[in-house]
Amino acid sequence: MDSGVTPPSGAPGNGTPRNDLPVSGDGPAVAGNGATAPEDRPARLAVGVIGAGRVGTVLAAALARAGHRVVAATAVSEDSRRRAEERLPGAALVTPQEVAASSDLILLTVPDDALPELAAGLAATDVQVGGKLVAHTSGRYGIGVLDPVTRAGALPLALHPVMTFTGRPDDLNRLTGISFGVTAPDPLRPVAEALVLEMGGEPSWITEEHRPLYHAALAGGANHLVTLVVESMDLLRSAGVAEPGRMLGPLLGAALDNALRLGIDGLTGPVARGDAGTVAGHVEELAKVSPAGLRAYVALARLTADRALGAGLLKPEDAERLLEVLAD
């Protein structure tokens, strides 16, 4: 795409040092190993956060750790105000317009459904966003959702951390080594990459048109995994298992490791064996105990059978018997 944008003077990857940020003492501080301290490196940005939730405060804290200055944030709920005060000390809690006005990098860390309205609202105000980096953290959207501010001269980035955040103190350390799904105009790729690396992550480039599929894959894998595990734990409790988590932990850990290392070749169990009788017994029992769980089991068993058949792990005649058992 031809975005017509160029990195701002002093943005990461631009190579032009910023001269408007204060440096204490008689010169730049030096870390113990002789390197320049993070806060005195060139291209340090004033960072603002619109939406001081679990994600926004973690990313802003990571940028602060890299030497950028978190100057302002919005915080509506009591939880978000407390989180901002704990993780972003010194940041002023102000309105979205004031955050945008005071920042070189504006992080939009609001729920997906609120993002289009927020971008349009910022563009409709008299706040000047020209030349400012505006980054959102939604997995669903690329940079198209930022078109209102892009037309006003902002420099759009989509930086989605591929991680779940719980609001606990260890969330910041979870950034180390994770992937970020990144979408940016070509001139801003060095900027996006530099910011992700500074936060401890690894950039993975996702095209604008592939953002919905990318996010569906992540949500299906991570969110549905939680649902499946909780359902399994409930069923085990119904079967009389006192500590289902302890029972499932080693099994699920091995299954996940097999899947990530081996793909479909790591599949085990009755579907992979073509054991239609066992699957029929599962269907019968689940119908009594968990009708909703049965529907999920049937859908996943069908998908598993299709995958196993395609990979040559399951004979066609065994797959046919399985699909008869799994028919509506």
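Here are some notes:
- Three-way shape call for segment 89-210 based on the alpha-carbon gyration tensor, with the a/c threshold at 1.5: oblate
- In the full protein context, the chain carries 52 Å² of accessible surface per residue, based on a 1.4 Å probe and ignoring ligands, DNA and RNA.
- Pairwise centroid distance, computed over Cα atoms, of segment 219-248 with segment 280-320, Å: 18 Å
- If you run the Gaussian network model on the chain, springs between alpha carbon atoms under 10 Å, then out of 232, 204, 138 the most flexible one is 232.
- The local environment of residue 180, defined by Cβ-Cβ distances under 14 Å, has a net charge of 0 under the rule Lys, Arg +1 and Asp, Glu -1.
- Of the complete DSSP H runs in the chain, those spanning 27 angstrom or more by Cα along the long axis with a mean Kyte-Doolittle score not below -0.5 are 211-238, 291-310.
- Placing unit charges on the Cβ atoms only, positive for Lys and Arg and negative for Asp and Glu, gives segment 282-328 a dipole magnitude near 180 debye about its Cα centre.
- Candidates 126, 306, 104: whichever shows maximal mean-square fluctuation once the chain is modelled as a Gaussian network with Cα springs under 10 Å: 306
- Of the solvent-accessible surface of the chain, computed with a 1.4 Å probe and all protein chains present, 55% belongs to carbon and sulfur.
- Spatial extent of segment 147-298: Rg and Dmax, with the Cα atoms as the point set, Å: 20.9, 64
- Here segment 35-165 is assigned +1 on the Cβ of each Lys and Arg and -1 on the Cβ of each Asp and Glu. Its dipole about the Cα centre then comes out at about 340 debye.
- A helix-only calculation puts the chain at -14000 deg cm²/dmol for mean residue ellipticity at 222 nm, using -39500 (n - 2.57) for each DSSP H run of at least four residues, averaged over all residues.
- When the chain is described by a simple charge dipole with +1 on each Lys and Arg Cβ and -1 on each Asp and Glu Cβ, the residue from 249, 259, 123 located farthest towards its positive end is 249.
- Sites residue 285 and residue 79, calculated FRET efficiency, Cβ-Cβ separation with R0 51 Å, nearest 0.05: 0.75
- Residue 74 accessible area, 1.4 Å probe, all protein chains in place, Å² to nearest 10: 20 Å²
- In terms of overall dimensions, the chain has a Cα radius of gyration and Dmax of 24.6, 80 angstrom.
- Residue 272 sits among other residues whose Cβ lies under 13 Å from its own Cβ, and their net charge, with Lys and Arg +1 and Asp and Glu -1, is -1.
- Projecting the Cα atoms of 96, 218, 167 onto the charge dipole of the chain (Cβ charges, centred on the Cα centre) puts 167 farthest toward the positive pole.
- DSSP-defined antiparallel bridges as percent of all bridges, the chain, nearest 5: 20 percent
- Ordering of 321-327, 50-56 by packing [mean C-beta count within 10 Å, highest first]: 50-56, 321-327
- DSSP-defined beta bridges in segment 142-258 - what % are antiparallel, rounded to 5: 50 percent
- Karplus-derived HN-Hα couplings along segment 264-269 (A = 6.51, B = -1.76, C = 1.60, θ = phi - 60°), whole Hz, x at Gly and Pro: 5, 5, x, 6, 9, x
- Just checking the listed ones, 193, 208, 285: in the Gaussian network model of the chain with Cα springs under 10 Å, the one fluctuating most is 285.
- Antiparallel content of DSSP bridges confined to segment 72-183, in %, to 5: 30 percent
- Ordered from highest to lowest accessible area with the whole protein assembly present and a 1.4 Å probe, 191, 230 read as 230, 191.
The values are calculated or read from the model by the stated rules, or taken from the named source; none is laboratory data. Predicted model, so just to flag it, every value in this text is computed and none were measured. No Cβ is skipped: glycine too gets one built from the backbone with ideal geometry, and neighbour counts run over all protein chains shown. With ligands, DNA and RNA removed, areas are computed over all heavy atoms of the protein, side chains included. Shrake-Rupley method; radii C 1.70, N 1.55, O 1.52, S 1.80 Å.
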